[in-house]
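Some notes on the structure that comes next.
Each reported figure results from applying straightforward, stated rules to the coordinates on display, with no laboratory input. Small disclaimer: the values here were computed from a predicted structure and weren't measured. Using ideal geometry, Cβ is built from the backbone for each residue, glycine included, and neighbour counts are taken over all protein chains shown.
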């Protein structure tokens, strides 16, 4: 019998859309909270329409990436353009502990669902708002996409090949990062609530959340006035070498190697069968100073090897080395298989699909990885059982496209 | 001053470099009492990684260490000695959380693995953050940020030019990601301790957290079903355009104009050049097919304008174009200053130094760094005195090199 999950009894209304907001709900849901996305057929979230689709058949309940990113959330449907739906939303929020949203500032107020309104129905509600650049300040209404948000943090400026232009990361790394940090923010506020009885409105700027990753380079700017360009895979603070990705045998196969300590360097030298040229790089300072020449030497050696075999061989010498995995490798890799990173589940509408499960492992509790969600799958429960609507009224609200 | 949200939460950190220290910083910056335990003499390896003012190495002047260890108290302890281990067990006896990122075998060798700690304190939540995690065939592999990141699938799929080296961001992004995941799951374990019936071990693999929630989320269902997968292209969005980073007069901009309204807004900002009306540029998918013809035409215009001007004019026209700020430009951005994101702390060696503020704002219980990172062993007397050791005992342990 598994233990009760840590967030049992916490209920969440998740108005979050696309990716970051849903990941907040997912994380809380995996940990035992009861989470419902509040969405609508009147304006279907674009994320539900992204291919590929289950069995190749398009539809808002068949987007495979949507199900992976949103698993852990339930779903109720309300057409929030109508007063009655907003009234129902408030009734629902009154039963909740947490409200999540990642619209632009003011959007919730336009729906008459501002923090002030929510507080009237639930005085100790914890509300997480996570707009792109926060709830105030000159850029509060900035328009960005998840994958370009990092451009205003400095992160993009240091990502790319040394000496070259910034290379864009081709998807929104910031979204799951901010989603998980958003879950932490909610938990911090819940911890405060349990001690003081007070809720609050969290102002989560996605720009500021993800800019935390830029801290090391920011400190170099603060201390030395440096603000350089892309550095490739080199050590972010030029404190260690070799530190890079090197070619291996086969099409687009690579190995990552990072050497920090003297023992690791000796391990690498032994792993390479003591080539004569290593004497040019005997101490750490000379390795960092001549990093490009060093990397060329290593690349000339690695390219004859299979990436997995070489990683195993170097690890045998205590060297931090891994194959560079592609998408197919992720599903087939023995490590991820052993940890159950990816799991096959049955979607509520009856087809099998592969999503990710508990992306962190816990020793005493088993994550609640509910798949899906299908649009409105929890309407019956929330509106009839939780809010106590009569069957008649419920059917009428559906017919009137208010629960929709 | 209002109290921090996590006031009363006791945390012991046995961490180094980025992941465990950043995770513990998240707790500390929101009011938890964090004791950071470092090896005597050398301290956390981050102290040796810089960046140092004028690149002059100094154990108390690492910007990395300064950034990652705000609001903590610092103690030195050699946990590899029997006396050091005993003291560590005393430290964690009434702690809520231990945060660490040592190799699993190292923790076992020290006798500080989860079963050993849980015996002393069954309510303890232990957050372990390593490149690969506590279990699985790579659990005992050596690994740094770079290795974890490239094991996540991110670089092959999303970062770099085709056929060229897959890229990490120019920072420790896997360690930051793993640290954040550890903070969320670890705090949940604390919040729900009564429901669960005690503490537990939270096992974070930095590689896995990203492989799952970022690359896996978007790709694994499709690959599992269709046996087909994509790789990096070097272009922001290969299927819609314009959507990539382009050069401009003083740097780069993130050019984005996908929807019809955005494309029309961009045309307006660019002075309605005739070519933008051509059939081959009339929808984001068609534009992507004709990207090689389109991007140079946009670049002719961006080359004559500065990034901030391009961003301001595009944003005003409803086009989601942003400047690619250098780190310095981001640091000086008026928006972040106005929001108080850049903060300043006094440090005995640096003097007054700027650092980044809290990742999110809690109006009732504001977070963020208020005291600088500890010097090596700065709080030994108060921490070990708090465990009931006399001044003489503390001096003896220091002489033996235990603290």
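Some values worked out for this structure:
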item: Alpha-carbon centroid distance for the pair the range B:78-151 / the range A:1-47, whole angstrom; result: 31
item: Globularity index of the range A:1-158, i.e. its alpha-carbon radius of gyration over 2.2 N^0.38 Å; result: 1.10
item: Exposure proxy ranking, count of Cβ atoms within 10 Å, fewest first, for A:116, A:296; result: A:116, A:296
item: Surface/4 of the Cα convex hull for the protein assembly as shown, nm²; result: 33.3
item: Theoretical ellipticity at 222 nm over chain A - DSSP helices of four or more residues, -39500 (n - 2.57) apiece, nearest 500; result: -9500 deg cm²/dmol
item: Cα-based Rg and Dmax for the range B:243-326, where Dmax is the largest Cα-Cα distance (Å); result: 11.6, 36
item: Between helix B:173-191 and chain B: long-axis angle, C-alpha atoms, 0 to 90°, nearest 10; result: 60
item: 5 Å-binned pair-distance histogram of the range A:269-404 (Cα, whole percent); result: 2, 7, 10, 11, 10, 9, 8, 8, 7, 6, 4, 4, 4, 4, 3, 2, 0, 0
item: Chain B pair-distance distribution - Cα-Cα, 20 Å bins, rounded %; result: 23, 48, 24, 5, 0
item: Percent antiparallel among DSSP beta bridges (both partners in the protein assembly as shown, rounded to 5); result: 45
item: Averaged over B:15-21, number of beta-carbon atoms from partner chains that fall within 10 Å; result: 1
item: Neighbour-count ranking [beta-carbon atoms within 10 angstrom, fewest first] of A:329, B:203, A:156, B:194; result: B:194, A:329, B:203, A:156
item: Most mobile of A:284, A:54, A:71 in a GNM of chain A (Cα contacts under 10 Å); result: A:284
item: Contact order relative to length of chain B, as percent, for alpha carbon pairs under 8 angstrom and 6 or more apart; result: 19
item: Inter-part distance where the range B:179-258 and the range A:267-303 are each reduced to a Cα centre, Å; result: 33
item: Alpha carbon convex hull of the range B:171-307, projected area averaged over orientations, nm²; result: 12.8
item: Residue order, fewest to most surrounding Cβ atoms within 10 angstrom, among B:371, A:279, A:63; result: A:279, B:371, A:63
item: Counting all C-alpha pairs of the range B:1-148, share separated by more than 21 Å (%); result: 45
item: Sequence-separation-based contact order of the range B:207-265, relative, with Cα cut under 8 Å and 6+ spacing, percent; result: 17
item: From the C-alpha gyration tensor of chain A, square roots of 5λ in Å; result: 47, 25, 19
item: Degrees between helix A:20-30 axis and first principal axis of chain A (Cα, 0 to 90, nearest 10); result: 80
item: Contact order relative to length of the range B:243-326, as percent, for alpha carbon pairs under 8 angstrom and 6 or more apart; result: 45
item: Alpha carbon centroid spacing (whole Å) that separates the range A:145-205 from the range A:329-348; result: 26
item: Mean residue ellipticity (222 nm) of chain B, computed from DSSP H runs ≥ 4 via -39,500 (n - 2.57), nearest 500; result: -10500 deg cm²/dmol
item: Fraction of beta bridges assigned by DSSP in chain A that are antiparallel (%, nearest 5); result: 45
item: Pair-distance profile P(r), taking every C-alpha pair of the range A:223-296, with 10 angstrom steps and integer %; result: 17, 49, 26, 7, 0
item: Listed residues A:188, A:38, A:369, most fluctuating in chain A (Gaussian network, C-alpha, under 10 Å); result: A:188
item: Tilt relative to chain B, helix B:217-226 - C-alpha long axis, 0 to 90 degrees, to 10; result: 70
item: Within a Gaussian network of chain B (alpha carbon springs, distance under 10 Å), most fluctuating of B:142, B:380, B:54; result: B:54
